Amino acid sequence: MLKKIILLFLFSLLLTSCQKQTFPDDNAVKLPDTPPVTDTETAEVTETEPTVIGELEGRVFCIDPGHGDFAEAYTEPIGPGATETKAAFVSGTSGSYQTEAEFNLKMAYLLKGMLEEKGAAVHMTRTDKNAALSNIGRAEFANGLGCDMVVRIHADGSENTSAKGISVLIPAQNQYLNDPYVLSASKNAGQYVLDSMISAAGAENRGLILRDDLTGFNWTKVPCILVECGFMSNPDEDLLLADENYRILLAEGITKGLIEYYMTVQ
């Protein structure tokens, strides 16, 4: 009996020594218990990334590419209730490479794209070569939008072929327009745009010019500026205005000027 007990004890010891023993690894790093990231969770993180807001976010602009082809000629009052009239449609000037109407439309599309990239909403009084709206119609189109600013795009012409440079026309107070906000906003924005265009294009500065005889100004109820981008009657500027790279500089100057105006004054 004693012999059987001893044999059982020895057999138990033998089994214990054969079992695999594990010891803690002091060098092992224990990772926290975290659930795996699913595709859904990844998508949710992407959707909550901050959105970049443009400098002109929420602004509404009307771009008026001057002139264009028209089917009929007639006159219209220069201002509300005026007896004086002016032509409702005008052909504009031309250079050796393009008409003013063609230039104005090219510039308008460049400017539209740049303003939209900065977050603005942009409307145009014409989108092709045809001028469907008269000068009063263009002003009333912008008034109906309640836009922040009208930018009228033009090029200059003169019998003096040495005349050159950029000017910005703004409405003057008269019997048709005496809204203090429209007048001051047009003046301030016009100065910012003029300075920025001169800096961007390196053109001659012909200044800020008050006008009380333009139908588009006298009928406006929103701030409005008219940019004369250069002289098609000047051979050197005519060549520049036909250059896409130069037009880009002009559009960039207008865009930067508007941004500086709204960030500084408004």
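Every read-out reported here was derived from the displayed coordinates using simple, explicitly stated rules and does not represent laboratory data. This one's a predicted model, so the numbers in the text were calculated from it and none came from an experiment. Cβ: placed from backbone, ideal geometry, glycine included. Neighbour counts: every protein chain shown.
Assorted remarks:
- For the range 140-173, the residues whose amide N sits under 13 Å from a probe point set 7 Å from the Cα of residue 179 along the beta carbon direction are 140-150, 171.
- Spatial separation of Cα centroids for the range 166-211 and the range 91-156, in angstrom: 17
- Using θ = phi - 60° in the Karplus curve 6.51 cos²θ - 1.76 cosθ + 1.60, the 3J(HN,Hα) couplings for the range 69-83 round to 6, 9, 8, 9, 10, 7, 10, 8, x, 5, x, x, x, 6, 8 Hz; x is entered for Gly and Pro.
- Backbone amide hydrogens, once placed in the peptide plane, bring residue 95 within less than 5 Å of 100, excluding anything fewer than 5 places away on its chain.
- Among 57, 244, 260, 237, the ranking by other beta carbons within 10 Å of each residue's beta carbon, starting with the fewest, stands as 244, 57, 260, 237.
- Summing Cβ point charges (Lys, Arg +1; Asp, Glu -1) relative to the Cα centre of the range 60-264 gives a dipole of roughly 400 debye.
- Hydrodynamic estimate: the Kirkwood radius of the range 178-266 over Cα pairs, inserted into Stokes-Einstein at 4 °C and 1.567 mPa s, corresponds to D of 93 µm²/s.
- Neighbourhood net charge (14 Å Cβ-Cβ; Lys/Arg +1, Asp/Glu -1) for residue 112: +1
- Dipole-positive endmost among 171, 182, 234 within the range 134-266 (Cβ charges, Cα centre): 182
- Net length gained if the chain between residue 209 and residue 160 were fully extended (0.36 nm per residue, minus Cα distance): 15.7 nm
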